[in-house]
Amino acid sequence: MTENTDTSADNAGEFRPEARSPRGFADKRAHEIAIERRLIANVSKVYEDFGFEALQTPAFEYADALGKFLPDADRPNVGVFAQQDDDEQWMALRYDHTAPLARFASQNWDGLPKPFRRYAFGPVWRNEKPGPGRLREFMQCDADTVGTDRPEADAEIIALAVAGFKANDLPTVLKINNRKLLNGLLSSLGVSTPAQQLGVLRAIDKLDRLGLEGVQLLLGAGRKDESGDFTKGAGLNDAAAAAVLSFVAAGRTSEGTQADRTTVLNNLAAVLDNSPEGQAGLEDLSRISTALNGLGVDESQAIFDPSIVRGLEYYTGPVFEAELLLETRDEKGRPVAFGSVGGGGRYDDLVARFTGQQVPATGFSFGVSRLAAALALAETGAIKPVRGPVVIIAFSESDMGDYFKLAAEIRAAGIPAEVYLGRSGMKAQMKYADRRFSPAAVMLGGDELANGTVTIKDLDLGRELASQISDNKEWREGRPGQVTLPRSEAIAHLRKITQTA
RNA sequence: GCCGUCUUAGCUCAAUUGGUAGAGCGCCAGAUUGUGGCUCUGGAGGUAGCUGGUUCGAAACCAGCAGACGGUACCA
(Lines give C-alpha, C1' and ligand atoms only; values in the text may rest on other atoms or scores of the structure.)
Protein backbone atom coordinates (compact mmCIF):
# COMPACT_ATOMS: atom_id res chain seq x y z
CA MET A 1 0.00 0.00 0.00
CA THR A 2 1.73 3.10 -1.15
CA GLU A 3 -1.29 5.38 -1.31
CA ASN A 4 -1.05 8.57 0.63
CA THR A 5 -3.00 8.03 3.79
CA ASP A 6 -1.40 10.94 5.57
CA THR A 7 -4.16 13.25 6.67
CA SER A 8 -1.94 16.06 7.87
CA ALA A 9 -2.29 17.79 4.51
CA ASP A 10 -6.02 17.48 4.72
CA ASN A 11 -6.51 20.81 6.41
CA ALA A 12 -9.93 22.29 6.65
CA GLY A 13 -10.79 24.51 3.74
CA GLU A 14 -8.28 23.00 1.36
CA PHE A 15 -9.80 22.76 -2.10
CA ARG A 16 -10.24 19.23 -3.38
CA PRO A 17 -11.47 18.98 -6.93
CA GLU A 18 -13.83 16.19 -7.77
CA ALA A 19 -12.23 13.71 -10.15
CA ARG A 20 -14.66 13.65 -13.04
CA SER A 21 -14.67 14.17 -16.75
CA PRO A 22 -16.65 16.95 -18.40
CA ARG A 23 -20.14 16.16 -19.58
CA GLY A 24 -20.09 14.48 -22.96
CA PHE A 25 -16.36 13.76 -22.85
CA ALA A 26 -15.20 10.21 -22.22
CA ASP A 27 -12.00 8.38 -21.48
CA LYS A 28 -11.09 5.54 -23.78
CA ARG A 29 -9.23 2.49 -22.56
CA ALA A 30 -7.10 0.14 -24.55
CA HIS A 31 -9.94 -2.06 -25.79
CA GLU A 32 -11.91 0.83 -27.23
CA ILE A 33 -8.85 2.50 -28.68
CA ALA A 34 -7.98 -0.74 -30.45
CA ILE A 35 -11.43 -0.90 -32.04
CA GLU A 36 -11.22 2.71 -33.19
CA ARG A 37 -7.75 2.32 -34.62
CA ARG A 38 -8.78 -0.75 -36.53
CA LEU A 39 -11.81 1.03 -37.97
CA ILE A 40 -9.72 4.01 -39.02
CA ALA A 41 -6.98 1.86 -40.52
CA ASN A 42 -9.44 -0.19 -42.56
CA VAL A 43 -11.37 2.81 -43.80
CA SER A 44 -8.21 4.75 -44.63
CA LYS A 45 -6.96 1.84 -46.69
CA VAL A 46 -10.19 1.79 -48.69
CA TYR A 47 -10.06 5.54 -49.21
CA GLU A 48 -6.48 5.37 -50.42
CA ASP A 49 -7.32 2.48 -52.72
CA PHE A 50 -9.90 4.73 -54.33
CA GLY A 51 -7.28 7.42 -54.85
CA PHE A 52 -7.98 9.79 -52.01
CA GLU A 53 -4.98 11.48 -50.39
CA ALA A 54 -4.64 12.08 -46.67
CA LEU A 55 -5.06 15.57 -45.25
CA GLN A 56 -4.83 16.77 -41.70
CA THR A 57 -6.11 20.18 -40.68
CA PRO A 58 -5.96 21.79 -37.23
CA ALA A 59 -8.53 21.33 -34.50
CA PHE A 60 -9.21 25.05 -34.40
CA GLU A 61 -10.47 27.18 -37.24
CA TYR A 62 -11.55 30.78 -37.26
CA ALA A 63 -15.23 30.74 -36.51
CA ASP A 64 -16.22 32.50 -39.71
CA ALA A 65 -14.35 29.90 -41.76
CA LEU A 66 -16.14 27.05 -40.06
CA GLY A 67 -19.39 27.88 -41.72
CA LYS A 68 -21.04 28.42 -38.42
CA PHE A 69 -22.95 31.16 -40.15
CA LEU A 70 -24.54 29.07 -42.80
CA PRO A 71 -28.10 30.26 -42.99
CA ASP A 72 -30.46 28.16 -40.96
CA ALA A 73 -33.72 29.83 -40.14
CA ASP A 74 -34.16 28.81 -36.53
CA ARG A 75 -30.76 27.62 -35.40
CA PRO A 76 -29.07 30.01 -33.03
CA ASN A 77 -25.31 30.34 -32.93
CA VAL A 78 -24.70 27.51 -30.53
CA GLY A 79 -23.25 24.08 -30.94
CA VAL A 80 -19.54 24.80 -31.24
CA PHE A 81 -16.75 25.32 -28.73
CA ALA A 82 -15.47 28.77 -29.42
CA GLN A 83 -13.00 31.09 -27.78
CA GLN A 84 -11.39 34.40 -28.55
CA ASP A 85 -7.75 34.49 -29.58
CA ASP A 86 -5.22 37.10 -28.33
CA ASP A 87 -6.21 39.35 -31.18
CA GLU A 88 -9.87 38.98 -30.29
CA GLN A 89 -10.69 36.90 -33.34
CA TRP A 90 -13.11 34.10 -32.65
CA MET A 91 -11.77 30.59 -33.11
CA ALA A 92 -13.78 27.41 -32.75
CA LEU A 93 -13.08 23.72 -32.62
CA ARG A 94 -14.10 22.04 -35.86
CA TYR A 95 -17.46 20.29 -35.72
CA ASP A 96 -16.80 18.16 -38.81
CA HIS A 97 -14.11 17.69 -41.45
CA THR A 98 -16.04 19.22 -44.31
CA ALA A 99 -15.87 22.87 -43.30
CA PRO A 100 -12.08 22.73 -42.77
CA LEU A 101 -11.79 21.07 -46.18
CA ALA A 102 -13.72 23.90 -47.80
CA ARG A 103 -11.36 26.37 -46.14
CA PHE A 104 -8.29 24.40 -47.20
CA ALA A 105 -9.47 23.95 -50.76
CA SER A 106 -10.26 27.64 -51.12
CA GLN A 107 -6.93 28.65 -49.63
CA ASN A 108 -4.90 26.33 -51.87
CA TRP A 109 -7.16 26.04 -54.88
CA ASP A 110 -4.72 27.09 -57.56
CA GLY A 111 -2.09 24.60 -56.47
CA LEU A 112 -4.35 21.61 -56.17
CA PRO A 113 -4.92 18.89 -58.74
CA LYS A 114 -8.58 19.07 -59.63
CA PRO A 115 -10.89 17.41 -58.86
CA PHE A 116 -9.27 17.34 -55.43
CA ARG A 117 -9.79 14.08 -53.57
CA ARG A 118 -8.83 13.83 -49.93
CA TYR A 119 -9.69 11.91 -46.80
CA ALA A 120 -9.29 13.00 -43.19
CA PHE A 121 -9.84 11.48 -39.79
CA GLY A 122 -9.66 12.78 -36.27
CA PRO A 123 -11.78 14.08 -33.46
CA VAL A 124 -14.48 16.68 -33.97
CA TRP A 125 -16.33 18.59 -31.26
CA ARG A 126 -19.92 19.65 -30.90
CA ASN A 127 -21.19 21.64 -27.97
CA GLU A 128 -24.60 20.13 -27.49
CA LYS A 129 -26.53 17.75 -25.30
CA PRO A 130 -24.76 14.40 -25.07
CA GLY A 131 -26.60 11.11 -24.99
CA PRO A 132 -25.87 7.42 -25.29
CA GLY A 133 -23.55 6.94 -28.25
CA ARG A 134 -23.48 10.67 -28.66
CA LEU A 135 -20.60 12.59 -27.15
CA ARG A 136 -19.30 16.12 -27.50
CA GLU A 137 -15.96 14.83 -28.75
CA PHE A 138 -15.95 12.04 -31.27
CA MET A 139 -14.06 10.62 -34.20
CA GLN A 140 -14.97 10.90 -37.84
CA CYS A 141 -13.33 9.68 -41.01
CA ASP A 142 -14.22 11.65 -44.13
CA ALA A 143 -13.67 11.37 -47.83
CA ASP A 144 -14.60 14.14 -50.25
CA THR A 145 -14.21 15.03 -53.89
CA VAL A 146 -14.03 18.76 -54.58
CA GLY A 147 -14.39 20.23 -58.05
CA THR A 148 -16.72 18.03 -60.04
CA ASP A 149 -20.46 18.04 -60.46
CA ARG A 150 -20.67 14.60 -62.05
CA PRO A 151 -23.22 12.30 -60.42
CA GLU A 152 -20.59 9.61 -60.89
CA ALA A 153 -18.55 11.36 -58.21
CA ASP A 154 -21.49 10.87 -55.87
CA ALA A 155 -21.79 7.24 -56.93
CA GLU A 156 -18.14 6.70 -56.21
CA ILE A 157 -18.50 8.23 -52.75
CA ILE A 158 -21.36 5.81 -52.13
CA ALA A 159 -19.29 2.86 -53.31
CA LEU A 160 -16.48 4.08 -51.09
CA ALA A 161 -18.72 4.19 -48.06
CA VAL A 162 -20.09 0.74 -48.81
CA ALA A 163 -16.56 -0.61 -49.21
CA GLY A 164 -15.52 1.04 -45.95
CA PHE A 165 -18.26 -0.70 -44.02
CA LYS A 166 -17.55 -3.94 -45.77
CA ALA A 167 -13.85 -3.74 -44.90
CA ASN A 168 -14.91 -3.73 -41.27
CA ASP A 169 -17.54 -6.47 -41.65
CA LEU A 170 -20.20 -4.01 -40.60
CA PRO A 171 -23.66 -4.86 -41.87
CA THR A 172 -25.03 -1.56 -43.11
CA VAL A 173 -27.28 -0.19 -45.76
CA LEU A 174 -26.66 3.13 -47.46
CA LYS A 175 -29.81 5.16 -48.06
CA ILE A 176 -29.71 7.65 -50.86
CA ASN A 177 -31.95 10.57 -51.70
CA ASN A 178 -31.61 13.80 -53.64
CA ARG A 179 -32.34 17.20 -52.26
CA LYS A 180 -33.47 18.26 -55.71
CA LEU A 181 -36.38 15.83 -55.47
CA LEU A 182 -37.51 17.38 -52.23
CA ASN A 183 -37.09 20.89 -53.59
CA GLY A 184 -39.01 19.94 -56.73
CA LEU A 185 -41.78 18.46 -54.65
CA LEU A 186 -42.02 21.56 -52.48
CA SER A 187 -42.15 24.01 -55.35
CA SER A 188 -44.69 21.95 -57.25
CA LEU A 189 -46.86 22.05 -54.13
CA GLY A 190 -46.44 25.80 -53.87
CA VAL A 191 -44.59 25.57 -50.58
CA SER A 192 -42.39 28.60 -50.92
CA THR A 193 -41.73 30.10 -47.50
CA PRO A 194 -38.50 28.85 -45.90
CA ALA A 195 -40.25 28.15 -42.61
CA GLN A 196 -42.83 25.92 -44.22
CA GLN A 197 -40.19 24.16 -46.33
CA LEU A 198 -38.22 23.41 -43.20
CA GLY A 199 -41.34 22.12 -41.52
CA VAL A 200 -42.05 19.71 -44.35
CA LEU A 201 -38.47 18.44 -44.54
CA ARG A 202 -38.30 17.87 -40.81
CA ALA A 203 -41.58 15.99 -40.90
CA ILE A 204 -40.30 13.72 -43.67
CA ASP A 205 -37.09 13.10 -41.77
CA LYS A 206 -39.06 11.54 -38.93
CA LEU A 207 -40.66 8.82 -41.00
CA ASP A 208 -38.52 6.04 -39.57
CA ARG A 209 -39.37 6.98 -36.01
CA LEU A 210 -42.94 8.24 -36.17
CA GLY A 211 -44.32 6.34 -39.13
CA LEU A 212 -46.66 7.63 -41.79
CA GLU A 213 -49.34 8.75 -39.31
CA GLY A 214 -46.87 10.82 -37.31
CA VAL A 215 -45.50 12.41 -40.46
CA GLN A 216 -49.03 13.19 -41.64
CA LEU A 217 -49.77 15.03 -38.39
CA LEU A 218 -46.54 16.99 -38.63
CA LEU A 219 -47.30 17.97 -42.21
CA GLY A 220 -50.66 19.34 -41.12
CA ALA A 221 -51.54 21.04 -37.86
CA GLY A 222 -49.04 19.33 -35.60
CA ARG A 223 -48.48 16.41 -33.29
CA LYS A 224 -48.64 15.82 -29.57
CA ASP A 225 -46.24 13.16 -28.29
CA GLU A 226 -46.68 10.86 -25.32
CA SER A 227 -44.95 13.26 -22.96
CA GLY A 228 -47.64 15.80 -23.81
CA ASP A 229 -45.26 17.98 -25.78
CA PHE A 230 -46.80 19.56 -28.83
CA THR A 231 -44.80 19.96 -32.03
CA LYS A 232 -46.17 22.51 -34.42
CA GLY A 233 -46.82 21.14 -37.89
CA ALA A 234 -45.96 22.51 -41.31
CA GLY A 235 -49.54 23.58 -41.93
CA LEU A 236 -50.04 21.94 -45.31
CA ASN A 237 -53.55 21.38 -46.61
CA ASP A 238 -54.77 17.81 -47.00
CA ALA A 239 -54.04 17.55 -50.71
CA ALA A 240 -50.47 18.80 -50.32
CA ALA A 241 -49.89 16.52 -47.35
CA ALA A 242 -51.17 13.58 -49.38
CA ALA A 243 -48.73 14.43 -52.18
CA VAL A 244 -45.86 14.50 -49.73
CA LEU A 245 -46.89 11.16 -48.29
CA SER A 246 -47.10 9.53 -51.69
CA PHE A 247 -43.65 10.91 -52.43
CA VAL A 248 -42.31 9.36 -49.25
CA ALA A 249 -44.10 6.10 -49.99
CA ALA A 250 -42.32 5.81 -53.34
CA GLY A 251 -39.47 4.03 -51.59
CA ARG A 252 -41.69 1.04 -50.88
CA THR A 253 -43.36 -1.54 -53.03
CA SER A 254 -47.10 -2.09 -52.78
CA GLU A 255 -46.34 -4.90 -50.34
CA GLY A 256 -44.49 -2.45 -48.09
CA THR A 257 -41.04 -3.87 -48.69
CA GLN A 258 -38.05 -1.89 -49.86
CA ALA A 259 -38.30 -1.28 -53.59
CA ASP A 260 -35.29 -1.68 -55.85
CA ARG A 261 -33.57 1.40 -57.24
CA THR A 262 -35.24 1.35 -60.63
CA THR A 263 -38.69 0.90 -59.14
CA VAL A 264 -38.19 3.83 -56.78
CA LEU A 265 -37.15 6.04 -59.67
CA ASN A 266 -40.25 5.02 -61.63
CA ASN A 267 -42.50 5.66 -58.65
CA LEU A 268 -40.96 9.07 -58.11
CA ALA A 269 -41.20 10.01 -61.77
CA ALA A 270 -44.96 9.71 -61.50
CA VAL A 271 -45.11 11.95 -58.45
CA LEU A 272 -42.75 14.60 -59.80
CA ASP A 273 -43.76 14.69 -63.44
CA ASN A 274 -44.51 18.43 -63.44
CA SER A 275 -41.35 19.57 -61.68
CA PRO A 276 -38.21 20.42 -63.70
CA GLU A 277 -36.01 20.36 -60.58
CA GLY A 278 -37.50 17.04 -59.57
CA GLN A 279 -36.78 15.63 -63.00
CA ALA A 280 -33.20 16.86 -62.76
CA GLY A 281 -32.90 15.10 -59.43
CA LEU A 282 -34.19 11.89 -60.93
CA GLU A 283 -31.68 12.20 -63.74
CA ASP A 284 -28.88 12.45 -61.14
CA LEU A 285 -30.12 9.37 -59.33
CA SER A 286 -30.51 7.46 -62.55
CA ARG A 287 -26.90 8.12 -63.46
CA ILE A 288 -25.82 7.28 -59.93
CA SER A 289 -27.67 3.99 -60.20
CA THR A 290 -25.98 3.13 -63.47
CA ALA A 291 -22.59 3.95 -61.98
CA LEU A 292 -23.34 1.90 -58.86
CA ASN A 293 -24.10 -1.09 -61.04
CA GLY A 294 -20.73 -0.66 -62.68
CA LEU A 295 -19.05 -0.25 -59.31
CA GLY A 296 -20.59 -3.49 -58.15
CA VAL A 297 -22.75 -1.95 -55.44
CA ASP A 298 -25.90 -4.02 -55.29
CA GLU A 299 -29.41 -3.34 -54.05
CA SER A 300 -28.81 -4.78 -50.61
CA GLN A 301 -26.03 -2.28 -49.95
CA ALA A 302 -27.34 0.97 -51.37
CA ILE A 303 -30.97 1.91 -51.86
CA PHE A 304 -33.01 4.97 -52.77
CA ASP A 305 -35.07 6.28 -49.90
CA PRO A 306 -37.09 9.48 -50.44
CA SER A 307 -37.46 10.04 -46.69
CA ILE A 308 -33.77 10.80 -46.13
CA VAL A 309 -33.30 14.53 -45.54
CA ARG A 310 -30.12 15.40 -43.57
CA GLY A 311 -28.39 18.75 -43.15
CA LEU A 312 -31.13 21.23 -43.88
CA GLU A 313 -30.01 24.07 -46.12
CA TYR A 314 -26.56 22.53 -46.38
CA TYR A 315 -26.74 19.81 -48.96
CA THR A 316 -27.68 20.74 -52.49
CA GLY A 317 -27.99 17.44 -54.33
CA PRO A 318 -27.71 13.76 -53.52
CA VAL A 319 -27.61 12.92 -49.80
CA PHE A 320 -26.51 9.67 -48.15
CA GLU A 321 -27.10 8.11 -44.80
CA ALA A 322 -25.69 4.84 -43.50
CA GLU A 323 -27.73 2.72 -41.15
CA LEU A 324 -26.13 0.00 -39.05
CA LEU A 325 -28.02 -3.28 -39.25
CA LEU A 326 -26.25 -4.78 -36.26
CA GLU A 327 -28.49 -5.65 -33.35
CA THR A 328 -27.06 -4.15 -30.20
CA ARG A 329 -28.22 -4.37 -26.61
CA ASP A 330 -27.17 -2.46 -23.54
CA GLU A 331 -25.94 -4.12 -20.36
CA LYS A 332 -29.53 -4.66 -19.25
CA GLY A 333 -30.37 -6.49 -22.45
CA ARG A 334 -32.51 -3.77 -23.94
CA PRO A 335 -32.11 -3.18 -27.66
CA VAL A 336 -30.24 -0.01 -28.55
CA ALA A 337 -30.99 1.82 -31.76
CA PHE A 338 -27.82 3.29 -33.12
CA GLY A 339 -29.34 5.00 -36.08
CA SER A 340 -27.07 6.79 -38.45
CA VAL A 341 -23.43 5.69 -38.39
CA GLY A 342 -22.34 7.89 -41.24
CA GLY A 343 -23.65 10.28 -43.81
CA GLY A 344 -22.88 12.77 -46.46
CA GLY A 345 -23.94 14.26 -49.71
CA ARG A 346 -23.35 16.92 -52.28
CA TYR A 347 -22.68 20.46 -51.09
CA ASP A 348 -22.06 22.74 -54.00
CA ASP A 349 -22.09 26.05 -52.14
CA LEU A 350 -19.54 25.52 -49.41
CA VAL A 351 -16.39 26.64 -51.19
CA ALA A 352 -18.22 29.54 -52.82
CA ARG A 353 -18.48 31.07 -49.35
CA PHE A 354 -14.78 31.80 -49.53
CA THR A 355 -14.09 32.40 -53.20
CA GLY A 356 -17.39 33.44 -54.67
CA GLN A 357 -16.95 30.74 -57.26
CA GLN A 358 -19.24 27.76 -57.40
CA VAL A 359 -17.14 24.70 -56.61
CA PRO A 360 -19.17 21.52 -56.56
CA ALA A 361 -18.22 18.97 -53.93
CA THR A 362 -19.47 15.71 -52.50
CA GLY A 363 -18.39 13.53 -49.63
CA PHE A 364 -19.12 11.04 -46.91
CA SER A 365 -18.34 10.89 -43.24
CA PHE A 366 -17.82 7.66 -41.37
CA GLY A 367 -18.91 7.85 -37.73
CA VAL A 368 -15.96 6.10 -36.14
CA SER A 369 -16.80 6.72 -32.48
CA ARG A 370 -20.39 5.68 -32.83
CA LEU A 371 -19.40 2.54 -34.70
CA ALA A 372 -16.81 1.73 -32.07
CA ALA A 373 -19.46 2.12 -29.39
CA ALA A 374 -21.83 -0.10 -31.36
CA LEU A 375 -19.15 -2.73 -31.81
CA ALA A 376 -18.27 -2.65 -28.13
CA LEU A 377 -21.92 -3.21 -27.28
CA ALA A 378 -22.38 -5.89 -29.89
CA GLU A 379 -19.42 -7.75 -28.44
CA THR A 380 -20.79 -7.74 -24.91
CA GLY A 381 -20.27 -11.17 -23.45
CA ALA A 382 -17.35 -11.83 -25.72
CA ILE A 383 -15.31 -8.78 -24.77
CA LYS A 384 -11.68 -9.50 -25.29
CA PRO A 385 -9.46 -7.37 -23.13
CA VAL A 386 -6.22 -6.26 -24.72
CA ARG A 387 -3.40 -8.68 -23.93
CA GLY A 388 -0.89 -7.46 -21.42
CA PRO A 389 2.88 -7.92 -21.55
CA VAL A 390 4.89 -10.83 -20.26
CA VAL A 391 5.45 -9.88 -16.62
CA ILE A 392 8.79 -10.53 -14.97
CA ILE A 393 8.34 -11.08 -11.27
CA ALA A 394 10.55 -8.90 -9.08
CA PHE A 395 11.89 -10.90 -6.15
CA SER A 396 14.85 -9.02 -4.92
CA GLU A 397 16.03 -5.45 -4.94
CA SER A 398 19.56 -6.56 -5.78
CA ASP A 399 18.58 -8.59 -8.85
CA MET A 400 16.69 -5.85 -10.68
CA GLY A 401 19.50 -5.65 -13.24
CA ASP A 402 18.97 -9.30 -14.18
CA TYR A 403 15.23 -8.76 -14.55
CA PHE A 404 15.72 -5.83 -16.89
CA LYS A 405 18.26 -7.76 -18.92
CA LEU A 406 15.79 -10.59 -19.43
CA ALA A 407 13.02 -8.09 -20.26
CA ALA A 408 15.23 -6.60 -22.97
CA GLU A 409 15.86 -10.05 -24.45
CA ILE A 410 12.16 -10.81 -24.56
CA ARG A 411 11.37 -7.49 -26.20
CA ALA A 412 14.14 -8.03 -28.71
CA ALA A 413 12.27 -11.20 -29.70
CA GLY A 414 9.25 -9.05 -30.46
CA ILE A 415 7.28 -9.98 -27.35
CA PRO A 416 5.98 -7.18 -25.13
CA ALA A 417 7.46 -7.53 -21.64
CA GLU A 418 7.84 -5.58 -18.45
CA VAL A 419 9.46 -5.96 -15.05
CA TYR A 420 7.01 -5.57 -12.19
CA LEU A 421 7.85 -2.21 -10.65
CA GLY A 422 5.56 -2.08 -7.65
CA ARG A 423 6.66 -3.00 -4.16
CA SER A 424 4.18 -5.78 -3.47
CA GLY A 425 4.93 -9.45 -2.86
CA MET A 426 4.81 -12.41 -5.17
CA LYS A 427 1.11 -13.10 -4.82
CA ALA A 428 0.19 -9.55 -5.70
CA GLN A 429 2.54 -9.69 -8.67
CA MET A 430 0.86 -12.79 -10.03
CA LYS A 431 -2.45 -11.10 -9.54
CA TYR A 432 -1.14 -8.09 -11.40
CA ALA A 433 -0.14 -10.25 -14.36
CA ASP A 434 -3.55 -11.89 -14.28
CA ARG A 435 -5.29 -8.54 -14.35
CA ARG A 436 -3.23 -7.32 -17.22
CA PHE A 437 -4.40 -10.43 -19.06
CA SER A 438 -0.76 -11.30 -19.59
CA PRO A 439 0.00 -14.50 -21.46
CA ALA A 440 2.86 -15.44 -19.13
CA ALA A 441 4.69 -14.58 -15.94
CA VAL A 442 8.44 -15.12 -15.76
CA MET A 443 10.22 -15.95 -12.52
CA LEU A 444 13.89 -15.28 -12.18
CA GLY A 445 14.32 -15.77 -8.47
CA GLY A 446 17.35 -16.72 -6.42
CA ASP A 447 17.05 -20.42 -7.33
CA GLU A 448 16.79 -19.74 -11.05
CA LEU A 449 19.68 -17.28 -11.05
CA ALA A 450 21.85 -19.77 -9.18
CA ASN A 451 21.02 -22.59 -11.59
CA GLY A 452 21.02 -20.63 -14.83
CA THR A 453 17.33 -21.41 -15.33
CA VAL A 454 14.11 -19.48 -15.66
CA THR A 455 10.59 -20.42 -14.59
CA ILE A 456 7.80 -19.54 -16.96
CA LYS A 457 4.14 -19.79 -16.10
CA ASP A 458 1.60 -20.00 -18.91
CA LEU A 459 -1.23 -18.00 -17.39
CA ASP A 460 -3.84 -19.00 -19.96
CA LEU A 461 -3.10 -22.66 -19.42
CA GLY A 462 -3.19 -22.17 -15.67
CA ARG A 463 -6.50 -20.33 -16.00
CA GLU A 464 -7.89 -23.26 -17.91
CA LEU A 465 -6.62 -25.86 -15.45
CA ALA A 466 -7.85 -23.86 -12.46
CA SER A 467 -11.45 -24.63 -13.29
CA GLN A 468 -10.79 -28.31 -12.60
CA ILE A 469 -9.02 -27.79 -9.29
CA SER A 470 -10.93 -26.84 -6.17
CA ASP A 471 -8.34 -27.59 -3.54
CA ASN A 472 -6.08 -24.64 -2.94
CA LYS A 473 -3.07 -26.66 -1.87
CA GLU A 474 -3.27 -28.74 -5.01
CA TRP A 475 -3.70 -25.62 -7.08
CA ARG A 476 -0.68 -23.96 -5.57
CA GLU A 477 1.67 -26.90 -5.41
CA GLY A 478 0.63 -28.33 -8.75
CA ARG A 479 1.83 -25.11 -10.40
CA PRO A 480 -0.40 -25.58 -13.43
CA GLY A 481 1.09 -24.38 -16.67
CA GLN A 482 4.47 -23.72 -15.12
CA VAL A 483 7.85 -25.01 -16.26
CA THR A 484 11.45 -24.40 -15.25
CA LEU A 485 13.96 -24.65 -18.06
CA PRO A 486 17.45 -23.53 -19.02
CA ARG A 487 17.61 -19.84 -19.59
CA SER A 488 18.72 -20.35 -23.18
CA GLU A 489 15.33 -21.88 -23.96
CA ALA A 490 13.27 -19.13 -22.35
CA ILE A 491 12.60 -17.10 -25.49
CA ALA A 492 11.55 -20.10 -27.54
CA HIS A 493 9.12 -21.16 -24.84
CA LEU A 494 7.64 -17.69 -24.48
CA ARG A 495 7.23 -17.53 -28.23
CA LYS A 496 5.26 -20.72 -28.16
CA ILE A 497 2.99 -19.39 -25.43
CA THR A 498 2.40 -15.98 -26.95
CA GLN A 499 1.78 -17.31 -30.42
CA THR A 500 -1.36 -19.05 -29.28
CA ALA A 501 -2.44 -16.30 -26.89
C1' G B 1 -33.80 24.22 -25.67
C1' C B 2 -38.47 22.10 -23.38
C1' C B 3 -41.06 18.17 -20.23
C1' G B 4 -40.53 14.14 -16.79
C1' U B 5 -37.82 10.73 -13.43
C1' C B 6 -33.64 10.18 -10.63
C1' U B 7 -28.70 11.32 -7.58
C1' U B 8 -26.73 7.07 -0.56
C1' A B 9 -19.27 3.27 -0.39
C1' G B 10 -15.31 2.11 -6.50
C1' C B 11 -20.08 -0.64 -8.71
C1' U B 12 -25.36 -2.36 -7.99
C1' C B 13 -28.71 -1.10 -4.40
C1' A B 14 -31.19 -1.12 0.95
C1' A B 15 -32.82 1.30 5.56
C1' U B 16 -41.11 1.96 9.69
C1' U B 17 -44.53 8.09 9.62
C1' G B 18 -37.77 12.76 9.94
C1' G B 19 -34.04 10.02 15.20
C1' U B 20 -27.72 10.45 13.31
C1' A B 21 -26.10 4.82 7.40
C1' G B 22 -26.04 -0.95 5.77
C1' A B 23 -25.62 -5.36 2.27
C1' G B 24 -23.74 -7.85 -2.03
C1' C B 25 -19.93 -7.40 -5.47
C1' G B 26 -15.17 -5.10 -5.94
C1' C B 27 -10.58 -3.48 -3.41
C1' C B 28 -6.50 -4.46 0.43
C1' A B 29 -4.44 -8.04 3.92
C1' G B 30 -4.02 -12.84 6.32
C1' A B 31 -4.90 -18.29 6.34
C1' U B 32 -0.78 -19.97 2.05
C1' U B 33 7.34 -16.57 4.44
C1' G B 34 8.44 -18.03 -4.14
C1' U B 35 2.65 -18.42 -7.11
C1' G B 36 -3.37 -15.88 -10.33
C1' G B 37 -8.57 -19.15 -9.34
C1' C B 38 -11.92 -21.45 -5.13
C1' U B 39 -12.98 -21.20 0.28
C1' C B 40 -12.64 -18.90 5.10
C1' U B 41 -11.20 -14.66 8.29
C1' G B 42 -10.14 -9.62 8.94
C1' G B 43 -9.63 -4.52 7.10
C1' A B 44 -9.98 0.03 4.49
C1' G B 45 -13.54 2.92 2.14
C1' G B 46 -19.35 7.59 2.91
C1' U B 47 -18.64 16.17 3.57
C1' A B 48 -25.63 11.21 1.80
C1' G B 49 -24.53 15.56 -5.85
C1' C B 50 -23.85 20.93 -4.26
C1' U B 51 -25.88 25.34 -1.74
C1' G B 52 -29.45 27.27 1.27
C1' G B 53 -34.11 26.67 4.09
C1' U B 54 -37.84 24.13 7.64
C1' U B 55 -36.91 21.22 12.34
C1' C B 56 -34.69 19.89 18.95
C1' G B 57 -33.01 16.62 15.03
C1' A B 58 -32.77 15.86 7.60
C1' A B 59 -30.29 10.63 3.41
C1' A B 60 -35.63 11.52 3.94
C1' C B 61 -39.48 17.63 3.76
C1' C B 62 -38.95 22.58 0.70
C1' A B 63 -36.18 25.85 -2.89
C1' G B 64 -32.22 26.87 -6.22
C1' C B 65 -28.13 24.93 -8.91
C1' A B 66 -25.31 20.83 -11.03
C1' G B 67 -25.18 15.98 -13.00
C1' A B 68 -27.42 11.24 -14.84
C1' C B 69 -31.43 8.87 -17.39
C1' G B 70 -35.96 8.88 -20.54
C1' G B 71 -39.06 11.60 -24.07
C1' U B 72 -39.26 15.75 -27.42
C1' A B 73 -36.84 19.47 -30.46
C1' C B 74 -32.30 20.17 -33.13
C1' C B 75 -28.40 17.69 -35.62
C1' A B 76 -23.27 20.72 -39.75
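Remarks
- Whole-number percent relative contact order across the range A:357-442, with pairs defined as alpha carbons under 8 Å at least 6 apart: 37 percent
- Share of carbon and sulfur in the accessible area of the range A:177-302 stands at 50%, probe radius 1.4 Å.
- Rounded accessible area of A:Asp349 (nearest 10 Å², 1.4 Å probe): 80 Å²
- The range A:106-180: GluC sites (Glu not before Pro) falling in loop per DSSP and having at most 16 other Cβ within 10 Å: A:Glu128
- Taking a straight Cα-Cα cut-off under 19 Å and skipping sequence neighbours fewer than 8 places away in the same chain, the lysines within cross-link reach of A:Lys431 are A:Lys384, A:Lys457, A:Lys473.
- Of the residues A:His97, A:His493, ranked by 1.4 Å probe accessible area with the largest first, the sequence reads A:His493, A:His97.
- Taking Cβ atoms as reference points and 10 Å as the exclusive limit, the residues near A:Arg261 contribute a net charge of -3, counting Lys and Arg as +1 and Asp and Glu as -1.
- Cα gyration tensor, chain A - rounded (a/c under 1.5), prolate or oblate: prolate
- Exposed-site-free run, longest, chain A (rule: trypsin sites (Lys or Arg not before Pro); DSSP loop; at most 10 other C-beta within 10 Å): A:30-331
- For the range A:440-501: rounded, prolate or oblate by the Cα gyration tensor [a/c cutoff 1.5]: oblate
- Heavy-atom accessible surface of the range A:429-501: percent carbon and sulfur, 1.4 Å: 47 percent
- Ligands, DNA and RNA excluded, the heavy atoms of A:Glu36 present near 10 Å² of accessible surface to a 1.4 Å solvent probe.
- The range A:390-499, relative contact order in percent, only Cα pairs under 8 angstrom and at least six apart counted: 27 percent
- Measuring only protein heavy atoms, the 1.4 Å probe finds A:Ser424 accessible over about 50 Å².
- Average accessible area per residue (Å²) across chain A - probe 1.4 Å, nucleic acids and ligands excluded: 53 Å²
- Accessible-area order (highest first, 1.4 angstrom probe) of the listed residues A:Met400, A:Met426: A:Met426, A:Met400
- For the residue pairs A:Lys28/A:Lys206; A:Lys129/A:Lys206; A:Lys180/A:Lys224; A:Lys129/A:Lys232; A:Lys45/A:Lys114; A:Lys45/A:Lys129, the alpha carbons lie more than 24 Å apart in A:Lys28/A:Lys206; A:Lys180/A:Lys224; A:Lys45/A:Lys129.
- Classified by the C-alpha gyration tensor, the range A:207-331 has an oblate form. Its axis ratio a/c, with a ≥ b ≥ c, is 1.5 or above, and a/b does not exceed b/c.
- Think of chain A as having a plus end and a minus end, set by charges on the Cβ of Lys, Arg, Asp and Glu; of A:Pro306, A:Leu494, A:Ala195, A:Leu494 sits farthest toward the positive end of this dipole.
The values are calculated or read from the model by the stated rules, or taken from the named source; none is laboratory data. Note that the structure is predicted; figures quoted are calculated from it, not measured. Don't worry about glycine lacking a Cβ; one is built from the backbone with ideal geometry, like all the others, and counts go over all protein chains shown. For the accessible areas, the whole protein counts, side chains as well, though only heavy atoms, and no ligand, DNA or RNA atoms are used. Shrake-Rupley method; radii C 1.70, N 1.55, O 1.52, S 1.80 Å.
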